[in-house]
Each structure stands twice: as structure tokens, then as C-alpha cells.
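Comments concern the structure below.
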Amino acid sequence: MAESTKELRWIRILLTIIAIPVVVIIFRTLKSIFIPLVFAVFLSFVFAPLNKFLRKKNVPVGVVMAIMLVIIVLLMFASTMLLSSATGSLVTGFPRYQVNLMLRMQDWVDRFSEISQRFALTIERYPQFDISQMLSTGSFSISKAISNVATTTVGVGWNFMLIVIFLMFIVAQDGRLIDKLKKVLKPDDQQRTINTMRNIQNQIQKYLLTKTVISLSTAVVGMILMLIYGVDFILVCGILLFVLNFIPNIGSIIASGVPVLISFLQSGMDIRTISFAVLIIGTQMLFGNVIEPKMQGSRLNLSPIMVLVSLIFWGWVWGIVGMVLAVPITSAINIMLIQLDEKNLISAIISS
């Protein structure tokens, strides 16, 4: 009996090892479907308090869905207007920065050549770069790159439609899910499954709320600093500061690097740029390393190394979107593993 149990356990482990790569390949191949679905699930968690309140007031499901749809459309319209304004300012204002960038890079190359000659360094083996050719309008254009990004609006619109469709189905089935669970699960399994779903919902709600507040605060402070120092593209950098802060660790670094680069292209590496860089990076560190951990506490129960690993993994599977969703997805997986077995090895590795 003991041997058969041991064999069964090893069979399960082997099947799991085989199944994981298959599931990952499916997620990566069908990401155009899974990404909107995951976003819809997370949105259902965000709207859960409103949904619960309206259901208690005996508001029909159709009216609840209509209210959610109006809220989402208004938010999407406001976001589109902001992005359109930001893109327009970049397309019209960035060509002159392309010239500044060319001049700065050429200055660096000249200084490197001068230092090499002074110290008699051998630089013949290194290729000589023609900066003007690299950054010419024909070979590289920031405006063209921004325009290419803008053409992805159709894809974003399609994903938005899928998210809304999935969300409407989730909301419509919300009240019936517990009834369906009662038909197929035993009483103990019912309660455990319901508790798991509630824990996932509560943790993701708190995570998204905290992350939104922190990201918005960081963006506002960064925009104020840009206004004080006279750095251009305040709206663009504010959007980047808000969005990229949802990517743990590296997002805030990239977000703070963009306004510093713009300041450098405006006035060079002077005391103004250095002090601006110190302040905006210090702001990122204050919000990301001091305030956010105190607000989040131990809610996510994820070790720092697992946050980094999940960031890399989901970034490989779903790109930038996967990096944004990495922490809540990993947290949800951890909760499910704990509910299945409190002493399982994977959960012990993931948890902090």
C-alpha cells in the first residue's frame, strides 16, 4: 500500500513537470485571448464592491452591467484623450531633441577619442561611429517610432472590446457561481473554494488600490518637479511614471530615467540636471522602498526574489503586460497552493 502511494505521488510529480511547459506554451501562444481574460477577472475584482452594493439594493443584473460599462467607457475615453495629447506633443516636439541627442553623442565620441590619444590607447580595433548617420531622419526617427506606437491603437481597441465582453459574462455569472459549486463540490470543498476565491479577490483589490495610489502620487510629485525645473513633456512623463510604476523594481527606474534624459537633452549635464535627477530618483525610492512596503505590509506574502523571478517569467510569456500582471498572478497562484496544501514546497519557496 505504501509503495503504491509513493508511486502515485511520483506519477503526479512527473505529470505536473510535463504539464507546466505545455500550459506555458498555451498561455504564450494564445496570449491575445488570455491577457484580456485576466484583465477582465481583475476588473471584476475591482468592481466587486460596487457589484455587491448594487445587488443588495436589488438592482437588476442588466442595470449593473450597464453602469460598469459606462464607467469603463468613460475611463477609457479619458485615457485615450490623455494619450492622444501626449503623443501629439511628442510627435511635434521631439525632432529638436533628436538633434540635441546627436550633438551630445558626437561630443562623447570626440571626448573619448581625445582621451584615447592622450593616454596612447589603441582604438583602431574599435569601429568608428558616424553619429549623424545613425540618427539621421532616414535611419532613425523618434517621431516615426512614436507614430508606429500610435498605430497599435486598433489592437488596443480590440483588446478593450474583449475585456468588456469577458467582464460582462463574469458579472452576469457572479451570482450563479456559488450555486454551481454547491452542485459539484462537497460542503468542505465548497467552503475552501469560496474562501480561496475571496482571499484572492481581497488581496488583488488591496494590491491594485495601494499600487494605484502610490503610482498616482509618484506621477504627481514627478510632474511638479518637472514643472519647477522647466522640463518639457510633463504630461508624457506623468503617464509613464504612473503606468511603469505598476512594474515592480525596474519600472520605476525606467520611469524616472525618461524625464532625466529629457532634462539632459535640454541643458546638458549641469547642476540643474543633476539636482533634478537626484530629486526624482529619490522620490521613486521613497515611494517604492519606504511608503509602499508599509502600505502593502505582508498582504502579498511574496519573497523579493520571487517577485523578480515572476517579473522575468511573465514578461517572457506576455511581454510588458505580463510584467504588469506578474505580482497579482503570482500572488493568486500562491493563495491557491496554500489552500490545497499549507505545507507544499512551491508555496514555501514563493512565500516571504
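The values are calculated or read from the model by the stated rules, or taken from the named source; none is laboratory data. What you see is a predicted model, and the numbers here were worked out from it, not measured in a lab. Every residue, glycine as well, gets a Cβ built from its backbone with ideal geometry; the counts of neighbours run over all protein chains shown.
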Of all the residues that make up the range 43-64, how many are farther than 21 Å from Ile204 by Cβ and surrounded by 13 or more Cβ atoms within 10 Å (Cβ to Cβ)?
2
Out of Ser298, Ser267, Ser215, Ser275, report the one residue that is more than 19 Å from the chain's Cα centre (by Cα) and modelled with pLDDT of 85 or more.
Ser275
So which helices (runs of 4 or more DSSP H) stay within the range 214-298 end to end and still have 1 or more residues that are in contact with a Leu (Cβ under 7 Å, 6 or more places away or on another chain), over 23 Å from Leu325 (Cβ atoms) and not aromatic (Phe, Trp, Tyr)?
234-244, 250-267, 271-286
Report, ordered by the first and then the second residue, all pairs with beta carbons closer than 9 Å, sequence separation of six or more or different chains, a first member in the range 241-255 that is in the same structural domain as Ser217 (by TED's automatic domain parsing), and a second member that is assigned to a loop (DSSP other than H, G, I, E, B).
Gly251/Asn245; Ser252/Asn245; Ile254/Ile247; Ala255/Asn245; Ala255/Ile247
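Could we say that Ile329 is in a helix (DSSP H, G or I) and under 19 Å from the mean Cα position of the chain (by Cα) here? Even if it seems obvious, please write down each step before you answer.
Values: in a helix (DSSP H, G or I): yes; under 19 Å from the mean Cα position of the chain (by Cα): yes.
Judged against the criteria, Ile329 is a match.
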Being out of contact with any His (no Cβ under 8 Å at 6 or more places or on another chain), surrounded by 15 or more Cβ atoms within 10 Å (Cβ to Cβ), among the polar types (S, T, N, Q) and more than 30 Å from Ser44 (Cβ to Cβ), is that true of even one residue in the range 217-230?
no
